[in-house]
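Working notes, beginning with the structure itself.
The values are calculated or read from the model by the stated rules, or taken from the named source; none is laboratory data. From a predicted model like this one, the values you see are computed outputs, not experimental measurements. For neighbour counting, all protein chains shown are included, and Cβ atoms are generated from backbone atoms with ideal geometry for every residue, glycine included. Side chains included, ligands, DNA and RNA excluded: accessible areas come from the protein's heavy atoms. Shrake-Rupley method; radii C 1.70, N 1.55, O 1.52, S 1.80 Å.
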Amino acid sequence: MAELAAVIASTHHPFYYKTSQLPPKDRPPFAEEWITKIERFRQTLTAAEPDVLVMVGSDHFHQLWLDNMPQFLVGKAPFFDANWYNEEREFGLPRMLLRGEEDLAAHILRDGLDRGFDLAFSNELRIDHSITCPIITLRPQADLPIVPVYTNIFAPPLPQPRRFVQLGRAIREMVESWESDQRVAVIGTGHLSLELGGPRQFGEHGPDPEFDRKAVDWIASGDIDSCLAEVSLESLHAPGNATHGFMDFMLMMGVAANRAGEGQKADHVETVDLFHTMEAYFTWYPDGVPEREPDGRLSSAASSASEERSESGGEQ
């Protein structure tokens with residue numbers, strides 16, 4: 001069966017690529033810290049040595065519109081065109097062609113139906129920056145096949161937050177039941193507090209620093225219960241008009257939960273406070289933090305640490 005090598009959650013700020021490509025003298029004052037933290041974050045995926053990436057994101061009304069809006073959709077195709085014209089124009093993002101992993105996509109669709117998730121699918125999906133930005137930051141060579149999973153966080157009626165957590169847990173089970181010897185990393189991107197086009201869009205920090213603090217604590221500690229107790233579709237309007245993207249973070253907490261469904265502490269936690277948003281980066285290793293032998297191979301020495309992490313809820 002396939003192995004879940006890593007679970008990764010991050011924001012997907014579309015200006016990171018453009019910022020990182022600027023000459024140092026032209027970069028904004030926060031750029032060096034941002035780039036340094038992204039490069040450190042990138043190593044957490046590299047260390048897991050994945051063969052396949054399951055990418056969870058949300059279409060920004062590029063391909064999916066109000067005439068046909070699925071709640072959860074899986075892309076199943078041999079290749080995916082990536083980024084749209086407005087993303088090239090506004091954010092400087094490159095056009096990309098990403099290879100798909102059709103066998104895993106087909107397995108997720110079939111197994112998802114059998115687990116009570118009526119997943120939509122697309123054989124002609126073009127993906128946007130919610131998926132390409134984490135590839136740019138985490139795997140810039142873009143050499144691994146992907147299975148894109150889109151969630152509806154924009155167009156009401158939305159699924160309840162609990163459903164996102166349930167889907168995350170199901171995705172873990174689907175990956176681990178795939179008849180393959182591949183190592184799979186599940187990467188998902190969402191938001192903390194976020195305002196788009198509203199009066200709090202361009203403040204000195206995110207629109208709701210208190211929500212951001214609590215949200216980072218929930219994710220870092222794997223406290224799914226406290227998160228579900230406070231987060232609702234109604235409450236997510238208060239921290240900013242686009243904060244419903246936080247439910248994709250909740251989905252990733254579900255993926256990272258252990259096989260008993262208990263939330264786990266993240267192995268890597270990092271944040272950077274930009275002038276209008278709090279960026280956040282989290283990594284979990286289900287089988288323990290990978291170590292490397294002198295020849296670069298992964299070591300299995302972390303197996304006892306993995307058992308201890310399962311019992312204690314993990315180490316931050």
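How many of the residues in the range 187-199 are of a type in the set (Gly, Ala, Ser), open to solvent by less than 60 Å² (accessible area, probe 1.4 Å) and more than 15 Å from Leu274 (Cβ to Cβ)? Talk me through it step by step, then tell me what you get.
The first filter runs over the range 187-199 and keeps only residues of a type in the set (Gly, Ala, Ser), leaving 188, 190, 193, 197-198.
So of that shortlist, the ones also open to solvent by less than 60 Å² (accessible area, probe 1.4 Å) come out as 188, 190, 193, 198.
Add one more test, that the residue is more than 15 Å from Leu274 (Cβ to Cβ), and what stays is 188, 190, 198.
Going through the range 187-199 one residue at a time, the tally reaches 3.
So, in the range 30-58, exactly how many residues are more than 25 Å from Gly75 (Cα to Cα), charged (D, E, K, R) and part of a loop (DSSP other than H, G, I, E, B)? Explain how you work it out, then say what you get.
Of the residues in the range 30-58, the ones more than 25 Å from Gly75 (Cα to Cα) are 30-41, 43-44, 47.
Among the residues that remain, those that are also charged (D, E, K, R) are: 32-33, 37, 39-40.
Now drop any that are not part of a loop (DSSP other than H, G, I, E, B), which leaves none.
Adding up the residues that qualify gives 0.
Hey, can you tell me all the residues within the range 221-240 that are without any contact (Cβ under 8 Å) to a residue 40 or more places away in the chain, farther than 22 Å from His205 by Cα and among the aliphatic types (A, V, I, L, M)?
Residue satisfying the conditions is Ala229 alone.
Kindly evaluate Glu176 against the criterion of being under 19 Å from Val52 (Cα atoms), more than 16 Å from the chain's Cα centre (by Cα) and surrounded by fewer than 23 Cβ atoms within 10 Å (Cβ to Cβ).
Criteria met by Glu176.
Looking only at the range 87-132, count every residue that is of a type in the set (A, V, I, L, M, F, W, C) and either open to solvent by 10 Å² or more (accessible area, probe 1.4 Å) or assigned to a loop (DSSP other than H, G, I, E, B) (or both) and tell me the total. Reasoning before the result, please.
Quick first cut of the range 87-132, residues of a type in the set (A, V, I, L, M, F, W, C) only: 91, 93, 96-98, 104-106, 108-109, 113, 117, 119-121, 125, 127, 131.
Keeping just the survivors that are either open to solvent by 10 Å² or more (accessible area, probe 1.4 Å) or assigned to a loop (DSSP other than H, G, I, E, B) (or both) gives 91, 93, 96-97, 106, 109, 113, 117, 119-121, 125.
Selection size over the range 87-132: 12.
Has the range 227-238 got any residue that is in contact with an Asp or Glu (Cβ under 7 Å, 6 or more places away or on another chain), among the hydroxyl-bearing types (Ser, Thr, Tyr), assigned to a loop (DSSP other than H, G, I, E, B) and farther than 30 Å from Glu3 by Cβ?
No, the conditions are met nowhere in the range 227-238.
Taking the options Leu113, Leu109, name whichever one is in contact with a strand residue (DSSP E or B) (Cβ under 7 Å, 6 or more places away or on another chain) and not small (Gly, Ala, Ser). Give the derivation first.
Values: Leu113 fails: in contact with a strand residue (DSSP E or B) (Cβ under 7 Å, 6 or more places away or on another chain).
Of Leu113, Leu109, the one residue that is in contact with a strand residue (DSSP E or B) (Cβ under 7 Å, 6 or more places away or on another chain) and not small (Gly, Ala, Ser) is Leu109.
Residues of the range 74-83 being more than 19 Å from the chain's Cα centre (by Cα) and either surrounded by 21 or more Cβ atoms within 10 Å (Cβ to Cβ) or aliphatic (A, V, I, L, M) (or both), which ones?
At the first step, the residues of the range 74-83 found to be more than 19 Å from the chain's Cα centre (by Cα) are 77-79, 81.
Once the filter is applied, which keeps residues that are more than 19 Å from the chain's Cα centre (by Cα) and either surrounded by 21 or more Cβ atoms within 10 Å (Cβ to Cβ) or aliphatic (A, V, I, L, M) (or both), the range 74-83 yields only Ala77.
What number of residues within the range 60-73 satisfy the criterion of being under 30 Å from Lys18 (Cβ atoms) and either open to solvent by less than 70 Å² (accessible area, probe 1.4 Å) or in contact with a helix residue (DSSP H, G or I) (Cβ under 7 Å, 6 or more places away or on another chain) (or both)?
Total satisfying the criteria: 6.
Which residues, counting only those in the range 27-53, are of a type in the set (A, V, I, L, M, F, W, C) and open to solvent by 50 Å² or more (accessible area, probe 1.4 Å)? Quick ask: steps written out before the conclusion?
Of the residues in the range 27-53, the ones of a type in the set (A, V, I, L, M, F, W, C) are 30-31, 34-35, 38, 41, 45, 47-48, 52-53.
The answer is Phe30, and nothing else.
Restricting attention to the range 190-230, which residues are over 18 Å from His244 (Cβ atoms) and among the aliphatic types (A, V, I, L, M)?
Ala220
Considering each residue of the range 168-198, count those that are assigned to a helix (DSSP H, G or I) and touching a helix residue (DSSP H, G or I) at 6+ places or on another chain (Cβ under 6 Å), and give that number. Steps first, answer last, please.
Our first condition is that a residue be assigned to a helix (DSSP H, G or I); within the range 168-198, this holds for 168-176.
From the residues that got through so far, the ones that are touching a helix residue (DSSP H, G or I) at 6+ places or on another chain (Cβ under 6 Å) too are 168-169, 171-172, 174.
Of the residues in that region, 5 qualify.
Among the residues of the range 71-99, how many are touching a residue at least 60 places away in the same chain (Cβ under 8 Å), over 30 Å from Gly116 (Cβ atoms) and among the hydrophobic types (A, V, I, L, M, F, W, C)?
Qualifying residue count for the region: 2.
Quick check: is even one residue across the range 200-207 charged (D, E, K, R), open to solvent by less than 10 Å² (accessible area, probe 1.4 Å) and either part of a helix (DSSP H, G or I) or touching a residue at least 12 places away in the same chain (Cβ under 8 Å) (or both)? Let's see the steps before the verdict.
Initial filter on the range 200-207 (charged (D, E, K, R)): 200, 204.
From what is left, the residues that are open to solvent by less than 10 Å² (accessible area, probe 1.4 Å) are none.
No.
Given the criteria in contact with a Gly (Cβ under 9 Å, 6 or more places away or on another chain) and within 17 Å of Ile153 (Cα to Cα), does Met278 qualify?
On the way: in contact with a Gly (Cβ under 9 Å, 6 or more places away or on another chain): yes; within 17 Å of Ile153 (Cα to Cα): no.
It is false that Met278 is in contact with a Gly (Cβ under 9 Å, 6 or more places away or on another chain) and within 17 Å of Ile153 (Cα to Cα).
Could you list, in sequence order, all residues of the range 6-26 that are among the hydrophobic types (A, V, I, L, M, F, W, C), closer than 22 Å to Thr189 by Cα and open to solvent by 30 Å² or more (accessible area, probe 1.4 Å)? Step through it out loud before you land on a result.
Filtering the range 6-26 down to residues among the hydrophobic types (A, V, I, L, M, F, W, C) leaves 6-9, 15, 22.
Then keep just the ones that are closer than 22 Å to Thr189 by Cα; that gives 6-9, 15.
Residue satisfying the conditions is Phe15 alone.
Does Gly245 satisfy being in contact (Cβ under 8 Å) with a residue 12 or more places away in the chain, under 23 Å from Ile131 (Cβ atoms) and either in a loop (DSSP other than H, G, I, E, B) or open to solvent by 10 Å² or more (accessible area, probe 1.4 Å) (or both)? Give the derivation first.
On the way: in contact (Cβ under 8 Å) with a residue 12 or more places away in the chain: yes; under 23 Å from Ile131 (Cβ atoms): yes; either in a loop (DSSP other than H, G, I, E, B) or open to solvent by 10 Å² or more (accessible area, probe 1.4 Å) (or both): no.
Spelling it out, it is not the case that Gly245 is in contact (Cβ under 8 Å) with a residue 12 or more places away in the chain, under 23 Å from Ile131 (Cβ atoms) and either in a loop (DSSP other than H, G, I, E, B) or open to solvent by 10 Å² or more (accessible area, probe 1.4 Å) (or both).
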